[in-house]
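The values are calculated or read from the model by the stated rules, or taken from the named source; none is laboratory data. It should be emphasised that the depicted structure is a prediction, and the values quoted were computed from it without experimental measurement. Every residue, glycine as well, gets a Cβ built from its backbone with ideal geometry; the counts of neighbours run over all protein chains shown. Accessible surface is based on the protein model in full, side chains and every heavy atom, while ligands, DNA and RNA are left aside. Shrake-Rupley method; radii C 1.70, N 1.55, O 1.52, S 1.80 Å.
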Amino acid sequence: MTRIAVAGASGLIGSALVRSLTADGHEVLRLVRRAPRAADEVRWDPNAGLVDTSRLSGCEAVVNLAGAGVGDHRWTDAYKREIRDSRVLGTTTLAEAAASLDTPPRVLLNGSAVGYYGDTGSRAVDESAPAGDGFLPSLCVEWEAATAPAHQAGIRTVFARTGLVVARGGGAWGKLFPLFKAGLGGRMGDGRQYWSYIALHDHVAALRHLLDTQTLSGPVNLTAPHPATNREVTAAMGRVLHRPTLFPVPSPALRLVLGEMAGDVLGSTRALPTRLLESGFEFAFPTVEQAIAAA
């Protein structure tokens, strides 16, 4: 039985990962920002750089999925600082804590995003591509760099560059499902922008794969092998849900409602999971229609 610490355990991905690990008999410690209420909870304060390192002793892995939701609020300067600090400060706290242990964990699996690449248009990119320009790429660069203390301590460090997670109960797709079920769905902008997606089931399986595969370190794209355009996503949603998709959202309306964040909704990121596939991972739901049906 392996002992694994998970930050962000209450989120969409974190809670699914915890269920998967505990179902297989692993001991999971959930990092919480309040006073612990259960034996499997560990207190931490990422903004203050504090974590109970005595409870992390004996952990073979630390998984960091914590961070304020990118799409939860309009991107004011204050909220962009919250998005940045919740990721960079939390990662720094866990990387330094892991490095300080007498017996460090074997792996730090840290969240990141395909937002690292910025707007790539129709050009496909994999983990060898450089960072793009804008808020999300600069955020991802800082986020990944914050793991340096763990890497320097010899801990295998992996960046899970995640795409849009297809799930019914949360994330961006969780907001799309009610609209499309009501028959109010449609393409966004011209619909030509690529969305790099991954089914929640495959995302959790890929995280487990990253924990177990000793040869993987650095960035790994957690996206399905067939990125789809927004127009293709819209058509697939209509087919799976048996609903019309007659309500396109014009670009100016998105910019009015979402502000700066509209640039990323309308932007195109065509990310490929090259390293994941090369390491032997197999997707259960590789197409967007399969991922939507699974959700």
Please count how many residues of segment 51-71 are open to solvent by 50 Å² or more (accessible area, probe 1.4 Å) and either more than 28 Å from residue 98 (Cβ to Cβ) or of a type in the set (A, V, I, L, M) (or both). 0
If I filter segment 111-129 down to residues being open to solvent by 20 Å² or more (accessible area, probe 1.4 Å) and not in a loop (DSSP other than H, G, I, E, B), which single residue comes out as farthest from residue 206 (Cα to Cα)? 124
Could you run through segment 53-89 and say how many residues are among the charged types (D, E, K, R) and in contact (Cβ under 8 Å) with a residue 24 or more places away in the chain? 7
Residue count, segment 270-286, condition closer than 12 Å to residue 227 by Cα, in contact with a strand residue (DSSP E or B) (Cβ under 8 Å, 6 or more places away or on another chain), part of a loop (DSSP other than H, G, I, E, B) and open to solvent by 20 Å² or more (accessible area, probe 1.4 Å), comes to 1
Taking segment 12-39 and keeping residues at pLDDT 95 or above, in contact with a Lys or Arg (Cβ under 9 Å, 6 or more places away or on another chain), farther than 25 Å from residue 164 by Cα and of a type outside the set (A, V, I, L, M) leaves 24, 26, 27
Scan 61, 23, 95 and give me the residue that is out of contact with any strand residue (DSSP E or B) (no Cβ under 8 Å at 6 or more places or on another chain) and among the aliphatic types (A, V, I, L, M). 23
Go through the residues of segment 4-22 one by one and say whether even a single one is more than 29 Å from residue 195 (Cα to Cα) and open to solvent by 30 Å² or more (accessible area, probe 1.4 Å). yes
For segment 94-108, state whether one or more residues are under 16 Å from residue 196 (Cα atoms) and not charged (D, E, K, R). no
Residue 76 fails exactly one of the following numbered conditions: (1) open to solvent by less than 30 Å² (accessible area, probe 1.4 Å); (2) farther than 24 Å from residue 156 by Cα. What is the number of that condition? (1)
